[in-house]
Amino acid sequence: MFDWMRAEGMRWHTAYEVMERGIAAVVDDVVAAARDFPDHVYLTVDVDSLDPAFAPGTGTPEPGGLSSRELLYAIRRIAHELPLAGMEVVEVSPPYDPAGITALVASRCILEAVSGIALRRAGRAAAPELSIQVT
């Protein structure tokens, strides 16, 4: 599959790369690469990219995946820095998650995207404000 993806010019980043380089560095690369393409970006968030500890309600859980904090950071930055035309969150299966954790993280993914867009339009940074003042 990786050979086919390379032949098609696809780019990807693994959870291992996120662990090695950090989510901020990987998102920097994603944003830079996406700026090489058309005027708008469509973002698909597959919840099985998360470790099952953060999203057990999916048909294909992937141990060793991203944390919800990493994914939410990435979504907010992408929505803030790129012209999103649309977004979807896929692979949420509530019957596999009676506690509702997966639906909660899926709804937060959408909130982070909307927040990133709103912050960009307001001319503010993607990072949340600190709740304490540092002097």
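Readers should treat all values here as calculations from the given coordinates under stated rules, not as data from a laboratory. What you see is a predicted model; the values in this text were computed from it and never measured. Heads up, the Cβs are rebuilt from the backbone with ideal geometry, glycines too, and the neighbour counts pull from every protein chain shown.
Charged neighbours of R108, selected by a Cβ distance under 14 Å, balance to 0 (K, R count +1; D, E count -1). Shape class for segment 1-105: prolate, because the ratio a/c of the largest to smallest gyration tensor axis (alpha-carbon atoms, square roots of eigenvalues) is 1.5 or more and a/b beats b/c.
In this Cβ point-charge picture (+1 for Lys and Arg, -1 for Asp and Glu), the chain has a dipole of about 580 debye about its Cα centre. The trypsin sites (Lys or Arg not before Pro) found in segment 27-135 that occupy coil by DSSP, while having at most 15 further C-beta atoms within 10 Å, are R35, R124. In this simple spin-label model, placing a label point 7 Å from the Cα along the Cα-to-Cβ direction at both S93 and T60 gives a separation of 1.1 nm. Over all other residues within a Cβ to Cβ distance under 9 Å of G59, the charged ones net out to -2, with Lys and Arg as +1 and Asp and Glu as -1. Take every pair of alpha-carbon atoms less than 8 Å apart whose residues are at least six positions apart; their mean separation over the length of the chain yields a relative contact order of 24 percent. Electrostatic bookkeeping for A25 treats Lys and Arg as +1 and Asp and Glu as -1; over the other residues with beta carbon under 15 Å from its beta carbon, the sum is -3.
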